[in-house]
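Enquirer: I have a structure I would like to understand better, so I am pasting it below and will then ask my questions one at a time.
Nothing in this text is a laboratory measurement; each read-out follows from the coordinates by a stated rule. Worth saying up front: this structure is predicted, and the values here are computed from it rather than measured. Cβ sites come from the backbone with ideal geometry, for glycine too, and all protein chains shown count toward neighbours.
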Amino acid sequence: MKRVYLGLMMSLSLGFSAVSYAADPDDILGYWRTIDDKTGFTLTVVKIEKAKNGTYLGSVVELIPRAGYVPFEVCQRCPAPFTNRNVTQMPLLWNLKADPNNELNYTAGYVIDPHVGKIYALDVKLSASGRQLTLRGKVIGAGFIGRTQSWLRDASYKPK
């Protein structure tokens, strides 16, 4: 009986410790390689950092050229205040907040696609391993329309 009781107590304590674990919302911070959802190639390196207001902000730090592809350096089709700004000097995503009800999820953000100049509502999910972000950009006002992209953590990236 003692063994059963001890085993039950250990199981419960392990169960509670697993439940009480919460990922640090700042796990999203760092460098990420953006992957084109159509071609599978890396487009840019984005640095996600914490903004002064406590939300998360992502900016392009490097454009990745490849054979047959020249990256957009200037956001020509973008609305103000992004019009004609250098892509590496403007925010790509902003206002992203950690979801208090779902660790690893971030909501209420915005992302701009410099290729088409459109701004989308943004939700992000960090993988349990912390190595992949899944971004869901949704047309503002029609949240069921949008597209999903994956970004991969680049822990070895060194700014130029």
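Enquirer: Each label point is 7 Å from the Cα along the Cα-to-Cβ direction; what then is the distance between the points at Arg131 and Ser150, in nm?
Expert: Once both label points are built, they end up 1.1 nm from each other.
Enquirer: A further question on this structure: If Lys and Arg each add +1 and Asp and Glu each add -1, what is the summed charge of the other residues whose beta carbon sits under 15 Å from the beta carbon of Leu104?
Expert: So the surrounding residues net to -1.
Enquirer: Expressed as a whole number of Å, what is the distance separating the alpha-carbon centroids of region 88-160 and region 39-76?
Expert: Rounded to whole Å, the Cα centres lie 11 Å apart.
Enquirer: Report the full-extension gain for the segment Asp27 to Ile64: residue separation times 0.36 nm, less the Cα-Cα distance, to one decimal in nm.
Expert: Working it through step by step, the gained length comes to 10.9 nm.
Enquirer: Right, something else. From the phi of every residue in region 83-92, what ³J(HN,Hα) in whole Hz does the Karplus formula 6.51 cos²θ - 1.76 cosθ + 1.60 yield, where θ is phi - 60° and glycine or proline is x?
Expert: 4, 6, 8, 5, 4, 7, 10, 9, x, 9
Enquirer: If the cut-off is a Cα-Cα distance under 19 Å, which aspartates and glutamates reach Lys158, setting aside same-chain residues fewer than 8 apart in sequence?
Expert: Here the aspartates and glutamates satisfying the reach criterion relative to Lys158 are Asp27, Glu49, Glu62.
Enquirer: Further question on the same structure: Computed over the Cα atoms of region 110-150, what is the convex hull's projected area averaged over all directions, in nm²?
Expert: 3.1 nm²
Enquirer: Then there's this: Within the set Lys47/Lys160; Lys52/Lys118; Lys38/Lys97; Lys50/Lys125, which residue pairs have Cα atoms separated by over 19 Å?
Expert: Violating the 19 Å limit, Cα to Cα: Lys52/Lys118; Lys38/Lys97.
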